[in-house]
Amino acid sequence: MAEHHAAAVATHGGGGGHATVKTYINVAIVLAIITAVEVASLYIPGIPGPLLVISLLAMSAVKFFLVVGFFMHLRYDHPIMRALFVGPLIIAIVIILAVMALFSAFVLLPRVVL
Amino acid sequence: MANYAADHAPAHTVHDPNLGNTGLDNRKVGMWAFLGSDCMFFGSLIGTYLAYKGKSISGPLPHEVFDIPLTSYSAALLLASSLTMVLALAALQQNRVKIAARWLFVTAMLGLHFVLNQVYEFTSFVLHHGLTLSTSLFGSSFFVLTGFHGAHVTGGVIWLLILVMLAMRGKLDARDYTKVEIAGLYWHFVDIVWIAIFTVIYLIP
């Protein structure tokens, strides 16, 4: 009875199913590995600066979307929930780029010396 | 005629005050809307930090003060807490309230450990490096960004401990799944913000 009720509650008002415990643990292992690679890359000599920055940002993005997709269940959730989060996330990224542009702070772009 | 939708809706949607016209739980929709707005809040703080990066006219500089091993440990704590949070949710989904309460408690303790690490880091910056909120552009933008994140984590720890207390008093069961799920959404959000801060502030040279 309790299990039946719990199952009903779990799908109630959320718009979708959830990942299994096994999936959660697999995602956590992947997150741990990526974090270890991120930190280790700082101590590997000879990696060009732009390549290091791009690879760190890419690994961070993968971790970000793994947590949002699986732990926050957004990949299983209703499109309205996705829109409520992804829309402002895009605005936040635009804000970061705009503020950096205002202050000429793009570290990846080559500086023009006059 | 005007009440057609209400008359023909499934019984549970009529009696549940938390369900809106979309059929979605209002509390969950509200939390996602809040997290979206918080995204923009942290976006502006991260943008400001990056805009001021390298523009401080006095030290100390980031690479002189950052303790990457300690911060990596803190990042691992938050990632581990995200796992324990979803394990708590999974346990509650199966109505195993005691196990869910234990996972919630572990999550809160991992979060508390993160906060204490941050307190240690801030104290070290102030006492050993002379870096304060008003020392330089780096100091002000760093402390405001990471301080607000720490405040979010502290709020999350308090929220989780309240849920643990409710579970211990028998006031939390599978029917309260959405309450715990919403707390979990908030908790994972502070984790993803740290993922961004850890990379952008600490790791990128």
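To test your reading of the geometry: what angle, between 0 and 90 degrees and rounded to tens, separates the Cα axis of helix B:177-197 from the longest principal axis of chain B? Long axis of B:177-197 versus the principal axis of chain B: about 20 degrees. Using the alpha-carbon atoms, what tilt in degrees (0 to 90, nearest 10) does helix B:137-168 show relative to the longest principal axis of chain B? On a 0 to 90 degree scale, this one is about 30. For chain B, adding -39500 (n - 2.57) for each run of n ≥ 4 DSSP H residues and dividing by the number of residues yields -25500 deg cm²/dmol at 222 nm.
Treating each Cα of the range B:69-182 as an identical point scatterer and summing with the Debye formula, the log10 of I(q)/I(0) at q = 0.13, 0.19, 0.21 Å⁻¹ comes to -0.56, -0.91, -1.03. Partners of A:Lys22 within straight-line reach, counting lysines whose Cα lies under 26 Å from its Cα and excluding those fewer than 8 residues away in the same chain: A:Lys63, B:Lys28, B:Lys98, B:Lys179. Computed from Cα positions, the angle between helix B:26-52 and the longest principal axis of chain B comes to roughly 10 degrees.
Read-outs throughout are calculated quantities, based only on the coordinates presented, and are distinct from any laboratory measurement. It should be emphasised that the depicted structure is a prediction, and the values quoted were computed from it without experimental measurement.
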